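Read through the structure below, which is laid out as structure tokens, and then see the notes.
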Amino acid sequence: MQPTVSSFLTPLALKTAGAVLILSSLIDLVFMLLFPPENLILEGNRWWLYATSQLVDRGLLPLVGIAFVIAGDWIEIVSTEDGGERGNTWRIGTFSLASLLGLIFILIIPFQLMTTNDFKAQDLKKISDEVTQLEQGIKTNLQQINAQSKDKIREQITAIDKELASGQAQGERLAGLQLTKSKLELLLADPKKFAQESEQNLQQLQKQKQKAETQASDRLLKTGVRTSMASLLLAIAYITIGWAGLRRVLK
């Protein structure tokens with residue numbers, strides 16, 4: 001059968017588009033890994049977690065590119081008399097690439113799940129340590145305040161009033177002095193109410209801790225499960241194409 005212009009251009013266009021999709025996605029991935037967003041803290045395994053997530057997010061483009069290349073090859077085979085007899089080298093390369101990517105996406109799944117659990121434990125420990133430190137600071141401060149006499153407390157309030165009147169306290173220092181003064185005044189006026197408010201502050205801190213732990217757990221769990229599921233689907237697609245193609249070519 002005599003080849004026509006369309007039978008020549010269509011496979012060429014599909015193969016070219018497929019090659020561009022594969023190469024552009026790999027180049028984009030390399031640049032994302034070499035120049036990650038500045039607001040991300042990528043230390044140790046966090047870099048690998050970021051790298052595998054980026055690979056999975058961009059895993060569809062090479063798959064489409066490989067599909068284009070295979071479709072172009074098939075059109076060339078059915079459009080020419082000798083299309084099926086040539087080009088086995090690059091066909092083996094294409095199917096080998098698909099198989100390799102499928103293997104990589106399979107390996108990403110356990111890595112994602114294990115690394116996500118490790119980071120979850122680290123983040124929860126960090127939150128717990130920070131809250132424990134704050135609680136200890138509050139309790140120590142309360143003990144020091146409660147141990148003082150009323151005259152000593154009045155002297156502290158007077159000293160704070162003088163500093164506030166001088167106008168030198170600004171920003172966080174000003175807010176801290178005003179808060180300390182209000183607590184000391186409450187302790188003088190109503191010690192029981194002061195104790196109740198202090199206990200409420202500690203309870204509120206515990207609620208904030210629980211909320212932070214829940215948010216951290218949910219965020220990491222969603223990220224790990226989403227990436228693992230997407231990686232599994234990509235692995236199935238790549239391995240199906242790669243292994244089926246290699247079996248066909250190597251017959």
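The values are calculated or read from the model by the stated rules, or taken from the named source; none is laboratory data. What you see is a predicted model; the values in this text were computed from it and never measured. Here the Cβ positions follow ideal geometry from the backbone for every residue, glycine too, while neighbour counts run over all protein chains shown. Just so you know, the surface numbers come from the protein's heavy atoms only, side chains and all, with ligands and any DNA or RNA stripped out. Shrake-Rupley method; radii C 1.70, N 1.55, O 1.52, S 1.80 Å.
Per-residue 3J(HN,Hα) values for segment 89-94, derived from phi via the Karplus relation 6.51 cos²θ - 1.76 cosθ + 1.60 with θ = phi - 60°, read 5, 6, 5, 4, x, 5 Hz in sequence order (x marks Gly and Pro).
Take Leu233, Leu205 and sort them by solvent-accessible surface of the protein heavy atoms, 1.4 Å probe, largest at the top. Provide the component values of the computation, followed by the final result.
Values: Leu233 115, Leu205 20 Å².
Output order, biggest surface exposure first: Leu233, Leu205.
Rounded to the nearest whole Hz, the Karplus-based 3J(HN,Hα) values (6.51 cos²θ - 1.76 cosθ + 1.60, θ = phi - 60°) of segment 116-125 follow the sequence 4, 5, 5, 5, 4, 5, 5, 5, 5, 5, with x at glycine and proline. Ranked by the mean number of other Cβ atoms within 10 Å per residue, highest first, peptides 209-217, 17-25 order as 17-25, 209-217.
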